[in-house]
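So the structure is just underneath, and the comments pick up after that.
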Amino acid sequence: MKLIEAIIKPFKLDEVKDALTEIGVEGITVSEVKGFGRQKGHTELYRGAEYVVDFIPKVKIEIAVADEVVAKVVETIENTAKTGRIGDGKIFILPLDEAVRIRTGEKGAEAI
Amino acid sequence: MKFKLSFVALLATVALSLPVALLAEEVKTAAPAQAALSSAQTAALAPAVTAAPAAAPATPAAPKNVDPVLNTGDTAWMLVSAAMVLFMIPGLAFFYGGMVRGKNVLSTIMHSFVAMGIVGVQWAVIGYSLSFGPDIGGGLLGNLSKALLNGLITFKDGNPVYALFQNVPTAPGAIPEYVFAMFQCMFAMITVALISGALAERVKFSAYCVFVLLWTTLVYDPLAHWVWMSDGWLFKKGALDFAGGTVVHLSSGISALAFLIFLGKRHGFPHERMAPHSLPLTMLGVGMLWFGWFGFNAGSAIVGANCSDAAGGLAGLAFATTTIAPAAGGLSWMIAEWIHAGKPSALGFGSGVVAGLVVITPAAGFVQPGAAILMGLAAGVVCYGGVLLKAKLKYDDSLDAFGVHGVGGTFGALTTGIFATVGATGLLSGNVSQFLTQVIAVVAAGAYAFIVTLVIAFVLHKTIGLRVEKEDEIMGLDQTQHSESAYN
């Protein structure tokens with residue numbers, strides 16, 4: 001099992017969600033986050049006073065998946081979240097030791 | 001920091017002394033030149049509450065000793081104008097309130113609102129009398145015979161008789177003096193509130209309240225007397241200030257700079273992010289200010305040749321210039337910023353509108369629309385430059401009270417002396433003396449406001465203190481000064 005974390009542009013969330021649902025992903029967790037990558041933040045200008053805003057709003061989605069679908073899920077996110085412009089985000093793939101469905105007590109891939 | 005503040009003081013002194021040198025030259029020539037002003041022109045400005053003999057020749061054809069008659073149309077417009085000027089104060093509160101950080105929005109709004117409270121009472125008790133009461137000599141101040149608005153109502157056979165305000169005793173139209181007194185009250189309220197834009201986010205509320213009372217009494221009331229009262233010395237010189245460029249904007253803007261010397265910068269300025277927390281609130285404030293400004297400027301036609309102009313053609317002209325100049329000001333600031341900083345900001349457009357309003361205020365009824373466009377276009381660029389000064393000179397005028405009102409008020413008062421064509425003539429019409437008179441008014445009012453504010457601020461600094469504690473400032477003034485928070 002793997003945990004896929006994708007940091008994407010907020011306006012891409014719906015598109016990514018729909019595409020993931022289409023390929024059979026059954027659940028995702030979404031958080032509003034802020035951060036910066038290589039492009040750093042942006043500047044705001046008020047009456048000549050310049051402020052550098054370090055952190056840009058992003059959305060983080062987390063998806064727990066079985067090993068065999070990891071590649072497909074990653075590819076789907078990559079294709080739908082891409083705009084080709086700076087700040088499109090990153091996808092991280094983490095090993096996932098265990099998953100438990102709280103209602104039934106199922107474990108492992110069954111619980112996903 | 002002390003070094004830099006004294007640098008600001010030095011700079012201000014130099015800036016003020018430069019025109020003083022001009023003034024010395026000019027005083028010699030001003031008197032004969034002044035005589036060239038027709039008596040009709042002088043009378044055209046007379047806000048004389050008391051019978052002004054100087055104004056009488058203005059209307060030689062009018063029958064003498066005719067009792068003034070209440071003009072209901074003028075009265076209705078002046079009541080509306082007064083209410084509209086009051087509406088500018090919550091407008092100012094939102095304009096300033098949106099520009100501070102979220103932890104200081106209520107305290108900033110309170111700076112404007114509490115001015116309504118303090119000045120509302122001060123004006124009734126002594127302010128109106130000091131400003132528009134009979135002169136105590138020298139054209140410097142009114143006496144206290146109208147304290148508590150005394151004499152504005154009498155009783156005849158048990159029935160109330162209301163005193164009528166009239167510019168020219170023989171003119172047929174007049175409004176109740178109560179209406180004039182309240183119209184002027186709103187001006188006094190908003191003027192001191194304008195200063196708060198420089199003090200936001202660090203001034204101690206108690207010190208600010210005392211400052212409001214002292215400043216209005218010691219600076220605003222005398223200046224209003226000098227410029228608008230027929231006995232005032234600047235009025236007699238023929239200084240033009242249609243609706244308060246000198247009395248309101250220049251005085252408050254220059255005073256803001258004087259206060260800053262003792263107040264110092266906000267902690268973290270200019271390194272920390274101190275961006276406006278709600279620009280929609282600020283833009284709402286701009287809209288309210290522009291709306292109310294029609295009362296401010298078009299209501300000031302009351303100082304026209306006779307009261308029937310209060311709701312007449314002169315009011316129409318002032319209304320038109322008050323539409324045109326801020327429109328041009330918004331555009332020119334926007335374009336200047338677009339070129340200089342790369343983007344046309346909402347705050348820039350809104351600031352340009354306010355700059356245009358400030359600059360047209362002294363000129364509203366003296367210039368024609370073509371000049372209003374030029375003044376507005378110049379206002380946007382000049383005041384944009386005014387706020388950029390802050391970064392260059394390293395003083396912390398939180399919301400640019402000096403940059404917009406001080407610079408704009410000065411520029412407006414001077415350009416009035418250039419472009420005036422209605423009821424007075426300026427430099428472009430060949431009247432050099434009018435321009436020099438404007439310089440005298442700017443220097444005298446600016447220097448007086450600067451010096452007296454310095455003294456008031458120094459006394460408060462040494463007694464109750466001007467600033468909140470560092471910890472309180474970091475926590476925010478809403479919490480520490482008022483035990484409230486704006487957003488829960």
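Looking at the stretch A:52-72, which of the residues that are under 14 Å from the mean Cα position of the chain (by Cα) and closer than 23 Å to B:ARG273 by Cβ is farthest from the other protein chains (Cβ to nearest Cβ)?
A:LYS58
Out of B:ALA372, B:ALA336, B:ALA363, report the one residue that is more than 11 Å from every other protein chain (Cβ to nearest Cβ), of a type in the set (Gly, Ala, Ser) and part of a helix (DSSP H, G or I).
B:ALA372
Kindly indicate whether any position in the stretch B:217-238 is of a type in the set (S, T, N, Q), at pLDDT 95 or above, surrounded by 23 or more Cβ atoms within 10 Å (Cβ to Cβ) and in a helix (DSSP H, G or I).
No, the stretch B:217-238 contains no residue that is of a type in the set (S, T, N, Q), at pLDDT 95 or above, surrounded by 23 or more Cβ atoms within 10 Å (Cβ to Cβ) and in a helix (DSSP H, G or I).
Condition first: hydroxyl-bearing (Ser, Thr, Tyr) and in a loop (DSSP other than H, G, I, E, B). Can you find one or more residues in the stretch B:265-282 that meet it?
Yes.
Counting only residues that are touching a strand residue (DSSP E or B) at 6+ places or on another chain (Cβ under 8 Å) and either buried (at least 16 other Cβ atoms within 10 Å of the Cβ) or not in a strand (DSSP E or B) (or both), how many does the stretch A:67-98 have?
Within the stretch A:67-98, residues that are touching a strand residue (DSSP E or B) at 6+ places or on another chain (Cβ under 8 Å) and either buried (at least 16 other Cβ atoms within 10 Å of the Cβ) or not in a strand (DSSP E or B) (or both) number 13.
Restricting attention to the stretch A:35-66, report how many residues are open to solvent by 30 Å² or more (accessible area, probe 1.4 Å) and at pLDDT 95 or above.
Matching residues across the stretch A:35-66 total 3.
How many residues are more than 17 Å from B:LEU263 (Cβ to Cβ) and either in contact with a strand residue (DSSP E or B) (Cβ under 7 Å, 6 or more places away or on another chain) or of a type in the set (Asp, Glu) (or both) if we restrict to the stretch B:439-481?
2
Quick one: B:PHE349 ticks every box in (1) in contact (Cβ under 8 Å) with a residue 12 or more places away in the chain; (2) within 14 Å of chain A (Cβ to nearest Cβ); (3) in contact with an Asp or Glu (Cβ under 7 Å, 6 or more places away or on another chain) except a single one, so which number is it?
B:PHE349 satisfies every listed condition except (3).
Check B:PRO362 against each of (1) open to solvent by 50 Å² or more (accessible area, probe 1.4 Å); (2) in contact with an Asp or Glu (Cβ under 7 Å, 6 or more places away or on another chain); (3) modelled with pLDDT of 95 or more and name the one condition it does not meet.
Among (1) open to solvent by 50 Å² or more (accessible area, probe 1.4 Å); (2) in contact with an Asp or Glu (Cβ under 7 Å, 6 or more places away or on another chain); (3) modelled with pLDDT of 95 or more, B:PRO362 violates only (1).
Mind listing whichever residues of the stretch B:417-434 are part of a loop (DSSP other than H, G, I, E, B), touching a residue at least 24 places away in the same chain (Cβ under 8 Å) and surrounded by fewer than 19 Cβ atoms within 10 Å (Cβ to Cβ)?
B:THR421
Looking at the stretch A:2-14, I want the residues that are touching a residue at least 60 places away in the same chain (Cβ under 8 Å) and have a partner that is basic (Lys, Arg) and open to solvent by less than 40 Å² (accessible area, probe 1.4 Å) with Cβ atoms under 7 Å, at least 6 apart or on another chain. Which pairs are those?
Correct list of pairs: A:ILE7/A:LYS58; A:ILE8/A:LYS58; A:LYS9/A:LYS58.
If you take the residues in the stretch B:254-276 that are touching a Gly at 6+ places or on another chain (Cβ under 8 Å) and modelled with pLDDT of 95 or more, which one is nearest to the other protein chains (Cβ to nearest Cβ)?
It comes out as B:PRO276.
Collect the residues in the stretch B:178-216 that are open to solvent by 10 Å² or more (accessible area, probe 1.4 Å), assigned to a helix (DSSP H, G or I) and farther than 17 Å from B:GLY245 by Cβ, keeping them in residue-number order.
B:TYR178, B:VAL179, B:MET182, B:MET189, B:PHE205, B:SER206, B:CYS209, B:VAL210, B:LEU213, B:LEU214
Does any residue in the stretch B:221-240 that is small (Gly, Ala, Ser) come within less than 6 Å, Cβ to Cβ, of a residue that is in a loop (DSSP other than H, G, I, E, B) six or more places away or on a different chain, and which pairs are these?
Close Cβ pairs (under 6 Å, with a partner that is in a loop (DSSP other than H, G, I, E, B)) amount to B:SER230/B:ALA46; B:SER230/B:ALA48; B:SER230/B:ALA52; B:GLY232/B:GLY139; B:GLY238/B:LEU37.
The values are calculated or read from the model by the stated rules, or taken from the named source; none is laboratory data. On a predicted model such as this, the values are computed, not experimentally measured, just so you know. Glycine also receives a Cβ, built like all others from the backbone with ideal geometry; neighbour counts cover every protein chain displayed. SASA here: full protein model, heavy atoms, side chains in, ligands and nucleic acids out. Shrake-Rupley method; radii C 1.70, N 1.55, O 1.52, S 1.80 Å.
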